[in-house]
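To start, the structure itself, in C-alpha cells.
The values are calculated or read from the model by the stated rules, or taken from the named source; none is laboratory data. This one's a predicted model, so the numbers in the text were calculated from it and none came from an experiment. As a convention, Cβ positions derive from the backbone with ideal geometry for all residues, glycine included, and neighbour counts pool all protein chains shown.
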Amino acid sequence: MDDVTSARRVQRVRHELMRRDVTVTDVQALGPNFRAITFAGETLASFVSDGFDDHCKFMFEDASGEVVRRDYTPRRFDRERRELVLEFALHDHGATSDWARGAKPGDRAVIGGPRGSMIVPTDYEWHLLAGDASALPAIHRRLEELPAGTRAIVLLHVEDEADRRDLTSRAQLDLQWLASTEDWLAALRTLQLPSGQGFAWCAAEASAIAQARQIVLVDKAHPREDSKLAAYWKHGAADFHEEK
C-alpha cells in the first residue's frame, strides 16, 4: 500500500495492481436475481480490499474467446482461506449475467485490482447508505462493519421483493425498501439528515445519481468531504462505472 492521501477523516489508499487467476468453489442463490459466487486461489494471498465499496475487475473469456471485463464490489474476503465472494445480478441478457447464471465449481476466471480503497471511518455519528440493487453488496458489507453506537440510515431501491434480503447491523438501523427510482429519490428528498457529523454514501444508475447529488450536496448542503455519490451503471452502457 502506498500513496495515502486524506480529506479530513477519509483516507484514499492505492494498491499495487495485480491480475489473479482464481477458481469458482461455491455458488449460492440470493433470491431470484442474484448469485453469490466464491472464488479461491493462492493468488489471493496478497489481495487487499480496505474499503466497503472497493471495485475489482472480474474477467473471463466468453464463447467467442473475447475477454469480458466488469467491475464488482468484493462482498467478502477471507485471507486465511484465500477466498473472495462477489455478488452477480442476473439480468435478462448480458455476457456476465450469462456466465454467473451457469457458473459452477471448477470454472476459472481472473480478478484484477482493486486499484485502491476509500477508507471511511466507522465512528461517524451516522451513515447514510442509499442505492439501487447494484449497491446491495457494498451496503450489506458496510452494515456488517458498523459498530454499536452509530446510526445507519438505509434507502434501497430493489424492485423485486424476492431480492430484498435480511440486513442487520450492530448500528441502529433505519431501513426503507423502495419499489422505484422515483420513490427512492422522493425518500431521499424528504429525509431529514440527523444532527452531528455523518457520512453520506449513494450509488445507483447515472441519471438517478445526478439527481441525488443535487439533493444531498446542494439542497441539503451536506459537506462533499463527508460524502461519496457514485454512478455504478448507466442505461444503455454495458461496461460503465463512474465515481465522484
Return the residue satisfying two criteria in turn: it lies in the range 178-197 and is closer than 13 Å to L156 by Cβ and polar (S, T, N, Q), and of such residues it is surrounded by the fewest Cβ atoms within 10 Å (Cβ to Cβ).
-> S180
Could you tell me whether any residue of the range 104-113 is part of a strand (DSSP E or B), small (G, A, S), outside the structural domain of P223 (by TED's automatic domain parsing) and in contact (Cβ under 8 Å) with a residue 60 or more places away in the chain?
-> yes
Scan (1) more than 27 Å from I119 (Cβ to Cβ); (2) at pLDDT 95 or above; (3) surrounded by 13 or more Cβ atoms within 10 Å (Cβ to Cβ) for the single condition E159 breaks and write down its number.
-> (2)
Answer yes if at least one residue in the range 131-145 is polar (S, T, N, Q), at pLDDT below 95, outside the structural domain of H55 (by TED's automatic domain parsing) and on the phi < 0 side of the Ramachandran plot, and no otherwise.
-> yes
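Here's the yes/no breakdown for (1) over 22 Å from A130 (Cβ atoms); (2) under 15 Å from the mean Cα position of the chain (by Cα):
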{"site": "V10", "(1), (2)": "no, no"}
{"site": "D26", "(1), (2)": "yes, no"}
{"site": "V48", "(1), (2)": "yes, no"}
{"site": "R69", "(1), (2)": "yes, no"}
{"site": "L84", "(1), (2)": "yes, yes"}
{"site": "E87", "(1), (2)": "no, yes"}
{"site": "G94", "(1), (2)": "yes, no"}
Only residues that are within 22 Å of A135 (Cβ to Cβ) and more than 17 Å from the chain's Cα centre (by Cα): list them for the range 28-46, please.
-> Q28, A29, G31, P32, F39
In the set S97, S117, S46, S64, which member is under 19 Å from V13 (Cβ atoms), hydroxyl-bearing (S, T, Y) and surrounded by fewer than 18 Cβ atoms within 10 Å (Cβ to Cβ)?
-> S46
Consider E145 carefully, then state whether it is surrounded by fewer than 20 Cβ atoms within 10 Å (Cβ to Cβ), within 22 Å of L86 (Cα to Cα) and more than 18 Å from the chain's Cα centre (by Cα).
-> no
Inspect the range 162-170 for any residue being surrounded by 15 or more Cβ atoms within 10 Å (Cβ to Cβ), within 14 Å of the chain's Cα centre (by Cα) and at pLDDT 95 or above and give the result as yes or no.
-> no
Working carefully through the options L167, L129, find the one that is among the aliphatic types (A, V, I, L, M), within 24 Å of S49 (Cα to Cα) and not in a loop (DSSP other than H, G, I, E, B).
-> L129
The range 33-47, residues that are farther than 17 Å from D21 by Cβ and at pLDDT 95 or above | R35, A36
